[in-house]
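One structure is given here, and the rest of the page talks about it.
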Amino acid sequence: MATFHEGTIEVFGHDVVRDFRATRALIGLSPQEYNFDRFLTVEEILVFQAGYFGVPAREAKRRTAALLERFGLTDKRRATPLQLSGGMKRRLTLARALVHQPRMLILDEPTAGMDVELRLELWDFLRELNADGMTILMTSHYLEEVELLCQRIGIINEGRLVALEDKSSLMERHGSASLQDIFLDLVGRHARG
C-alpha cells in the first residue's frame with residue numbers, strides 16, 4: 001500500500017502549483033521515451049516548442065537554427081522524427097528541452113541508446129551547461145556517467161531514497177573509490193532491512 005505525504009515543491013522560489021506557468025518556463029524536460037509529433041519536421045518541433053513558452057517567432061527560429069547546428073541536426077531540419085536514427089532523436093529531445101532557455105534541465109536516461117562518441121559529446125555539453133549556471137537533474141542507470149557528471153547523488157532502491165548527498169562526502173563516508181561499490185552496499189543494506 002502506498003503512503004502519500006503532503007508538502008510543497010518550489011523551483012527557484014516559485015511554487016509549482018500556485019505559479020505553474022513560471023515554474024514550467026524554468027524547466028526543460030528531456031524524457032527517456034520519444035514523444036514527438038511524427039508529422040512535424042525537426043525544425044517545426046523546435047519552433048513550436050519555443051512558442052509554447054511565449055518565445056516570439058523570429059527568436060524561436062534563431063534559437064532553433066543555433067540548436068540544430070549545436071546538435072548536428074541542421075541537415076535533418078526538414079526530416080520527420082520517423083526519418084531519424086535513435087541518436088538523432090535523442091539529440092532532438094535535448095534541443096527541444098533547451099529551446100526556451102530554461103534554468104533547470106531534467107534528463108531521464110539522457111544517453112540511453114547513444115553510441116560512445118555521441119555519449120562523450122553529450123557529457124561535454126552537459127558540463128558546459130552546468131558551468132554556465134544551469135541546474136541539471138539527471139536520472140541514469142549508468143553509474144560511470146553519474147560518477148563523472150554529478151556533484152550531488154541520490155540513490156533510489158525499490159522506490160525508496162536510500163542516499164542523497166554530495167558525491168565527495170558520499171564516497172568519503174563509505175570509504176570507497178567506486179560509486180558502484182557504494183550502490184551495491186546501500187542496496188544490500190536496504191534489502192536486509
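No lab work stands behind these numbers, since they all come straight from the coordinates. Keep in mind that this is a model prediction, so the values were computed, not measured. So basically every Cβ, Gly included, is an ideal-geometry build from the backbone, and we count neighbours across all protein chains shown.
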Quiz prompt | Rg and Dmax of the chain, Cα atoms only, in Å | solution = 18.7, 58
Practice problem: Describe numerically, in nm with one decimal, the distance between label points set 7 Å from Cα along Cα→Cβ at Asp37 and at Asp185. | Solution: 5.1
Self-check item: Alpha-carbon Rg/Rh ratio, for the range 80-190, with Rh computed the Kirkwood way
Solution: 1.01
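Using the beta-carbon distance between Phe20 and Leu161 and R0 = 30 Å, what value does 1/(1 + (r/R0)^6) give for FRET efficiency, to the nearest 0.05? Please list the in-between numbers first.
Numbers: r = 25 Å, r/R0 = 0.83.
For R0 = 30 Å, the calculated efficiency reads 0.75.
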Quiz item: Which lysines does Lys61 reach when only Cα atoms under 16 Å apart count, and residues fewer than 8 places away in its own chain are ignored?
Solution: Lys76
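How do 97-105, 151-159, 118-126 rank on mean C-beta neighbours within 10 Å, highest first?
Details: 97-105: 18.9, 151-159: 12.9, 118-126: 16.3.
Highest mean packing first, the order is 97-105, 118-126, 151-159.
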Self-check item: ³J(HN,Hα), Karplus 6.51/-1.76/1.60, whole Hz, each residue of the range 34-41, x for Gly, Pro
Solution: 7, 9, 7, 6, 6, 9, 8, 7
Quiz item: Can you work out the FRET efficiency for the pair Gln101 and Glu6, with r the C-beta to C-beta distance and R0 = 25 Å, to the nearest 0.05?
Solution: 0.15
